[in-house]
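Visitor: This is the structure, below, for whatever I ask next.
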Amino acid sequence: MSHIGKSAARWLGFAALVATITLGSAPARAFCPSYGTGMNYASIDCYLDYMSMTPIIYYGTIPGGVYREDESYCLNFVCAPGYASPDFSAMLYCDSMGSWSCSGTCTCTELPCSGAPVAPTGYVYGTCSGTIAGSTCPYSCATGYAGPAGLVECRLGAWTAPGSACVVALCGVDQYVLNHVCTPCAPGSTRPAGDDPAGADTACAATICGADQYVLNHVCTPCLPGSTRPAGDDATFGNTACAATICGADQYVLSHTCVACAPGSTRQAGDFATGADTACAPTICGVNQYVQDHACLDCPSGSSHAAGDDATGGDTNCTDTFCGADQRVEDHLCVACAPGSTRPAGDNATGADTSCAPTICGADLFVLAHACVACAPGSTRTAGDDASGADTTCAPTICGENQYVLAHACVACAPGSTRTAGDDATGYDTTCAPTICGENQYVQDHACLDCPSGSSHAAGDDATGGDTNCTDTFCGADQRVEDHLCVACAPGSTRPAGDNATGADTSCAPTICGADLFVLAHACVACAPGSTRTAGDDATGDDTTCAPTLCGADQYVFSHTCLECVPGSTRTAGDDATGDDTTCAPTLCGADQYVLDHACVACPADTTRPAGDDATGDDTTCAPIVVTDPPKGDDCSCRAAGGQNAPALPLLLMLGLAFIRFRRRR
């Protein structure tokens, strides 16, 4: 450090010392915050400092911002009711940190309870968990009292009162008082509720069973259905039993009661009415017997009746015997007619004898073993055969052309199908063959017709089905109609899709190329970048070409486009835009020229500027020309060394002297 720097440091230190001595240090004292909230203090005596004689009494909480550090203190902590302080000599003071500190124990503790609680009348206390604050003792109602159980708690040095009431309990139903206690009645006895156990002893009354009741475990129990017992059993004694009812002859059990059998039915004696229901057996009549007044009687001659009539039911009747078809009556019996003879059904066998008539066969019936038998399906025979004669036969039916056999009948073929004649209707079913249309044919009224020109249809339509339609042919894009056919357009021409080949001939439209498009193989192709062509080329004609774009003066090629050179640069005309990119050359200003708005401008009079300024850059300026006085004296004048700057010599001499003095001091 230099001599000047060291002196400055010494003076600054001395000034700081003087300022420290002069000003001194007097830090401010802090106040203690509030104290005592929620700590259960009743009152506290506080002093502002050690010289105070009269305390300030606070009830519960000391406010903040009143007592200073190292000066204030408080004594005589009086706790709230139910709380006590274990240290009566403790002192609370505001310490040097501005916080309250205690020289001993400055707390109020909740008081314990003195011993176990004393139970009020009607209550019984259990074992307590202790006597400190928060301890609990369970309680319940004493004998003769009723109410919910609960807990009492030690709070603020005393036990709380029970939270629910125990009231005197009256005896319930079937309870009596014995020595002031509600006692259950003996089994088989009862007493209404309401006896007061505080009064005299009471007694229960014995239960006497009624009629058809017996004692079971001291309870009057109804006799089982079908059994009885006289009234008077004492339910306080032992068990008793009911006597079962025994049914007599022609009686049965119904819902445990002896009931007389219905007329026409019987049952042996001895059924126990306590058991399950029983039933009487009905009297069942035999073959050719009928019921009258619940008795079985024989049927008259020529009548009959099936066995099984139940004599418990209503009267029945024998049925007259009516002969069936081809039967006659002989001695009240039905006898079969001789073969080939008949008689209608209905002759009553209880009447006189009858006779049979010969059988004549009807149409489509033939005789077989003296019976008229239906011809086989598909065959016929004229009526008149006598069934009492020899056997006859039926003739088969032969189907005609376009008929088939269905269920032994000749049926016409469905429209659109055919079959040759000769099917035998007595044989199996046959079928007609459907007519199948060929390619490009459609069905109309079950006939195959050719499709119109310009439409088509796949082969296979069944002429027995519904009518079908041919599908019109629609030409695609760039197709035209010629003689109902779709023909491709000539190269370079187009037509939208949708021409219907069933209609008239159509034609294609030539494609006309737009601007900057040329014809190549009958297609419009975009010109190469940097070339152009006017619109109007016909793509159906010969190929055409695009003309290259030539840039003008002060234009350059960028991405096949002629762009203007930036101000201050130039380029000669003739660049081909189809070729590579080109660039403009910047204009360089000559001597005594400056740049103004990207142009080289001559410097004003008495100014100059060297050559080389780029006109594409920022504007430049010319510098004024400095004129030098002509020389005086001889050609070797010392002005050549200093010119007009002679004052520099004294300055150099002063610098030299200063350097010499500085070296001596070191």
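The values are calculated or read from the model by the stated rules, or taken from the named source; none is laboratory data. Here the structure is a predicted model, which is why all the values come from computation and not from measurement. Positions of Cβ are backbone-derived with ideal geometry, glycine not excepted, and every protein chain shown enters the neighbour counts. Side chains included, ligands, DNA and RNA excluded: accessible areas come from the protein's heavy atoms. Shrake-Rupley method; radii C 1.70, N 1.55, O 1.52, S 1.80 Å.
Visitor: If R₀ is 56 angstrom, what is the calculated FRET efficiency for the pair Ala198 and Ala260, using the beta carbon separation as r and rounding to 0.05?
Guide: The pair Ala198/Ala260 has a calculated efficiency of 0.30.
Visitor: Can I ask one more? Looking at the stretch 26-133 from every direction and averaging, what is the projected area of its Cα convex hull in nm²? The partial results should precede the final answer.
Guide: Numbers: hull surface 37.1 nm².
It is 9.3 nm².
Visitor: Binning at 5 angstrom from zero up to the longest distance, how are the C-alpha pair distances of the stretch 209-284 distributed in percent?
Guide: Going from the shortest bin to the longest, the percentages are 4, 19, 20, 15, 12, 11, 9, 5, 3, 2, 0, 0.
Visitor: If R0 is 51 Å, what FRET efficiency do you get for Ala409 and Leu224 from their C-beta distance, rounded to 0.05?
Guide: 0.05
Visitor: What is the percent carbon and sulfur in the accessible area of the chain, measuring with a 1.4 Å probe over the protein chains and ignoring ligands?
Guide: 58
Visitor: Further question: Highest mean first, how do 40-47, 621-628 rank when packing is the count of other Cβ atoms within 10 Å averaged over residues?
Guide: 40-47, 621-628
Visitor: Sorted from largest down, what three extents in whole angstroms do the Cα atoms of the stretch 397-535 have along their principal axes?
Guide: 97, 26, 18
Visitor: Another one. Using only the Cα atoms of the stretch 61-188, build the gyration tensor, take square roots of its eigenvalues as a ≥ b ≥ c, and label the shape rounded, prolate or oblate: rounded if a/c is under 1.5, else prolate if a/b is larger than b/c, else oblate.
Guide: prolate
Visitor: Compute the label zone of Thr109 within the stretch 126-162: residues whose backbone N is under 20 Å from the point 7 Å along Cα-to-Cβ.
Guide: Taking a point 7 Å out along Cα→Cβ of Thr109, the residues of the stretch 126-162 whose backbone N falls under 20 Å are 129-136, 154-159.
Visitor: Taking only the Cα atoms of the stretch 507-600, how large is their convex hull per residue, in Å³?
Guide: 87
Visitor: Hey, can you find the accessible area per residue of the stretch 278-367 for me, probe 1.4 Å, expressed in square angstrom?
Guide: Working: 4880 Å² over 90 residues.
With the other protein chains kept in place, the stretch 278-367 gives 54 Å² per residue.
Visitor: So, one more: Let me understand the chain better: what is its radius of gyration from the alpha carbons, and its Dmax, in angstrom?
Guide: Spelled out, the Cα radius of gyration and Dmax of the chain are 72.4, 203 Å.
Visitor: Here's another thing I want to ask about it. If you place +1 on the Cβ of every Lys and Arg, -1 on the Cβ of every Asp and Glu, and leave all else neutral, what size is the dipole of the stretch 518-599 about its Cα centre, to the nearest 20 Debye? Working shown, then result.
Guide: Values: 2 positive and 12 negative charges, 14 e Å.
My answer is approximately 60 debye.
Visitor: Can you compute the equivalent ellipsoid semi-axes for the stretch 166-240, i.e. the square root of 5 times each eigenvalue of the Cα gyration tensor, sorted largest first and rounded to whole Å? It would help to have the intermediate numbers written out before the result.
Guide: Details: eigenvalues 202, 21, 14 Å².
Ellipsoid half-lengths, sorted descending, are 32, 10, 8 Å.
Visitor: Ok, one more. Would you grab the residues whose amide H sits under 5 Å from the one on Asp250? Only those 5+ places off in sequence or on another chain, please, with H modelled 1.01 Å from N.
Guide: Under 5 Å from the amide H of Asp250 lie the amide H atoms of Arg267, Gln268, Ala269, each far enough along the sequence or on another chain.
Visitor: If every alpha-carbon in the stretch 114-162 counts as one equal scatterer, what log10 I(q)/I(0) does Debye give at q = 0.13, 0.17, 0.25 1/Å?
Guide: The Cα Debye sum returns log10 ratios of -0.27, -0.44, -0.87.
Visitor: Any idea what the alpha-carbon Rg over 2.2 N^0.38 Å comes to for the stretch 76-139?
Guide: Ratio of Rg to 2.2 N^0.38 Å for the stretch 76-139: 1.71.
Visitor: Summing Lys, Arg as +1 and Asp, Glu as -1, what charge do residues with Cβ under 12 Å from the Cβ of Cys280 carry, Cys280 excluded?
Guide: -3
Visitor: Around Asp49, what is the net charge, scoring Lys/Arg as +1 and Asp/Glu as -1 over all other residues with Cβ under 9 Å from its Cβ?
Guide: Charge balance near Asp49 sits at 0.
Visitor: Can you tell me the dipole magnitude for the stretch 500-637 around its Cα centre, using point charges on the Cβ only (Lys, Arg +1; Asp, Glu -1), in Debye to the nearest 20?
Guide: 220
Visitor: Rank Val557, Leu588, Thr570 by how far each Cα sits towards the positive end of the charge dipole of the stretch 557-603 (+1 on Lys, Arg Cβ; -1 on Asp, Glu Cβ) and give me just the farthest.
Guide: Leu588
Visitor: As I understand it, the dipole of the stretch 358-477 uses +1 on the Cβ of Lys and Arg and -1 on the Cβ of Asp and Glu, about the Cα centre. Which of Ser456, Tyr428, His446 lies farthest toward its positive end?
Guide: In the stretch 358-477, that residue is Tyr428.
Visitor: Give me Rg over Rh for the stretch 234-354, both radii from the alpha carbons and Rh done the Kirkwood way, two decimal places. Mind dumping the intermediate values first?
Guide: Values: Rg = 25.7 Å, Rh = 18.3 Å.
Using Cα coordinates only, the ratio equals 1.40.
Visitor: Dipole of the chain, Cα-centred, from +1 at each Lys and Arg C-beta and -1 at each Asp and Glu C-beta, to the nearest 20 debye?
Guide: For this selection, approximately 6660 debye.
Visitor: Taking 0.36 nm per residue of sequence separation and subtracting the Cα-Cα distance, how much length would be gained by fully extending the chain between Ala357 and Thr190, in nm to one decimal?
Guide: 50.4 nm
Visitor: Based on the Kirkwood radius over alpha-carbon pairs, what value in µm²/s does the Stokes-Einstein equation return for the translational diffusion coefficient of the stretch 323-466 at 20 °C and 1.002 mPa s?
Guide: My calculation gives 109 µm²/s for D.
Visitor: Given R₀ = 35 Å, FRET efficiency for Leu563-Val601 by Cβ-Cβ distance, to 0.05?
Guide: 0.85
Visitor: Continuing with the same structure: May I ask you to work out the translational diffusion coefficient for the stretch 256-324 at 25 °C, viscosity 0.890 mPa s, via Stokes-Einstein with Rh from the Kirkwood sum over Cα pairs, reported in whole µm²/s?
Guide: Details: Rh = 13.6 Å.
The estimated diffusion coefficient comes to 180 µm²/s.
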